[in-house]
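The values are calculated or read from the model by the stated rules, or taken from the named source; none is laboratory data. From a predicted model like this one, the values you see are computed outputs, not experimental measurements. Every residue, glycine among them, receives a Cβ derived from its backbone with ideal geometry; neighbour counts consider all protein chains shown. Surface areas here come from the heavy atoms of the whole protein model, side chains and all, with no ligands, DNA or RNA. Shrake-Rupley method; radii C 1.70, N 1.55, O 1.52, S 1.80 Å.
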Amino acid sequence: MKAVAKTRKEPGLQVIDTDPDKISENEILLRMKTASICGSDLGFYNYTPAYQKFAKVPTIMGHEFAGEIAEVGDAVRGYSVGDRVSVESVLYCGKCKFCRSGATNICQSFTVFGMHRNGAFAEFVSVDQKYLHKLPDEVSFLEAGVVEPLSVIVNAFEDVSAPIRSDSTACVIGPGPLGLFSAEVLRAKGVRDLLLMGIAIDEYRLELARKKLSFDAMNTEFEVSNDKMKGMTDGYGFDTVVVAAGAPAALKSAIPLVSKGGQIILIGIFPEDVALPASDLVRRQISMRGSYGSAWKHYEEAIRLLKQKLVRADAIVSHQFNLEQGEEAFQMAKAKTGSKVQFKN
């Protein structure tokens, strides 16, 4: 089978021919139909220090995926050949205190598809049945390929943040896929006064947000974000600011934009430590919360949002590539000349 893999401890990837993994009695063999490129895949592609310490080489990449069951193990129950499923990305132990409480996304000893074991940028991938979620007919494979990142946003707003009121204001910094999904989920919760912010390199995605998703979006290199904030919030600041870009400048810019008593939600992964004005956070009673990954219930809610068309994945997914085009797909994702980039099979 064809697969997109990290085979050397250096930047880049390789398209390889290999055999599918053998399945155990509790696993299914999934024929990948869509698999999306994530920001962490780009970090692994670039082989940055964070991923040199975190990920295993060699590994077939990819952890945001959906497909059709091609084979089932002898002990698999409730799933059959031909079933359409989405798959969780975090492999959890099920025994630690976090798993026992349902927070499998922060399992004490978690691993990840496409980082620690073979992932989904391949024609086939083996999956334990406990990580499967059945897809309704109303959810296409294109949409199913974004269930994982959408579930990350569901976790951020359902379990991590303070409750999002329908009369509240919000700002999302970083118009990449996670930022666009954040804006979509916030709107589904009833938030109407919402601003998306980016910089010059994000112009394609800002324009997508304006034209296809009907959001108010601004380029902070050409407009003054504080002026926009004051106009939208009567000078109070946004109740919720989501930092969906893993850039120190993005986090620093969030603090002047949030209101007293407001909250900053961090979903981007940062390449370095960030110095912050701690006294300002204290005096203005601002809460800052990190949110990572997602658990079973968040996947189910993400699927519901897609089924009801409350999140428009068809607008956010901009390009699809075949596995043989692995390098081209990653260059597209790196250049930000598209939005969500997928492999299809």
Among the lysines, select those whose C-alpha is under 27 Å from the C-alpha of Lys212, and discard any that sit fewer than 8 residues away in the same chain. Lys33, Lys189, Lys228, Lys230, Lys307, Lys309, Lys334, Lys336, Lys340, Lys344
Could you tell me the accessible area of Val90 in Å² (1.4 Å probe, neighbours in place), rounded to the nearest ten? 10 Å²
With θ taken as phi - 60° and the coefficients 6.51, -1.76 and 1.60, list the Karplus ³J(HN,Hα) couplings across segment 229-240 in order, rounded to whole Hz; mark glycine and proline as x. 4, 4, x, 7, 10, 6, x, 7, x, 6, 5, 10
Accessible area, 1.4 Å probe, largest first: how do Asp216, Asp234, Asp41 sort? Asp234, Asp216, Asp41
Here the FRET efficiency for Asp193 versus Leu310, based on Cβ atoms and R0 = 25 Å and rounded to 0.05, is 0.85
Which whole-number percentage describes the relative contact order of the chain, with Cα contacts under 8 Å and a sequence gap of 6 or more? 19 percent
Distance from the Cα centre of segment 37-91 to that of segment 139-163, in angstrom? 17 Å
Which listed residue (Gly94, Gly78, Gly67) has the Cα farthest towards the positive end of the charge dipole for segment 19-131, taking +1 on Lys and Arg C-beta and -1 on Asp and Glu C-beta about the Cα centre? Gly94
Mean-square fluctuation check for the chain, GNM, Cα pairs under 10 Å: which of Ile303, Ile201, Ile23 is largest? Ile201
Just the number, please: carbon plus sulfur as a percent of the accessible area of segment 195-345, 1.4 Å probe, no ligands or DNA/RNA counted. 51 percent
Treat segment 184-246 as a sphere of radius equal to its Kirkwood radius over Cα pairs and apply Stokes-Einstein at 20 °C in a medium of 1.002 mPa s; give the translational diffusion coefficient in µm²/s, rounded to a whole number. 173 µm²/s
Potential extension, Phe270-Phe54 segment - 0.36 nm per residue separation minus Cα distance: 76.4 nm
Can you tally the net charge around Ile201? Count Lys and Arg as +1, Asp and Glu as -1, for every other residue whose Cβ sits under 12 Å from the Cβ of Ile201. 0
Under 20 Å from the Cα of Lys95, which lysines turn up, not counting those fewer than eight places away in the same chain? Lys130, Lys297
With an 8 Å Cα cut-off and a minimum separation of 6 or more residues, compute the relative contact order for segment 16-150 in percent. 35 percent
Using a ≥ b ≥ c from the Cα gyration tensor of segment 5-163 (square roots of the eigenvalues), is it rounded, prolate or oblate, where a/c under 1.5 gives rounded and otherwise the larger of a/b and b/c decides, a/b for prolate? rounded
Dipole axis of segment 191-240 (+1 Lys, Arg; -1 Asp, Glu on Cβ), positive-most option in Asn219, Phe238, Tyr204: Tyr204
Please state, to two decimals, what the Cα-based radius of gyration of the chain comes to when divided by 2.2 N^0.38 Å (N = residues). 0.98
Give the accessible area for Ser279 in Å² (nearest 10); use a 1.4 Å probe, count only protein heavy atoms, and leave out ligands, DNA and RNA. 70 Å²
Mind listing the phi-derived Karplus ³J(HN,Hα) values for segment 276-282, rounded to whole Hz, using 6.51, -1.76 and 1.60 with θ = phi - 60°, and x for any glycine or proline? 10, x, 4, 5, 5, 4, 5
Ranking Lys189, Lys56 from most to least accessible area with a 1.4 Å probe gives Lys56, Lys189
Sequence of Arg100, Arg284 when ordered by accessible area, the most exposed leading, probe 1.4 angstrom: Arg100, Arg284
Please figure out what share of the DSSP beta bridges in segment 83-241 is antiparallel and state it in percent, rounded to the nearest 5. 30 percent
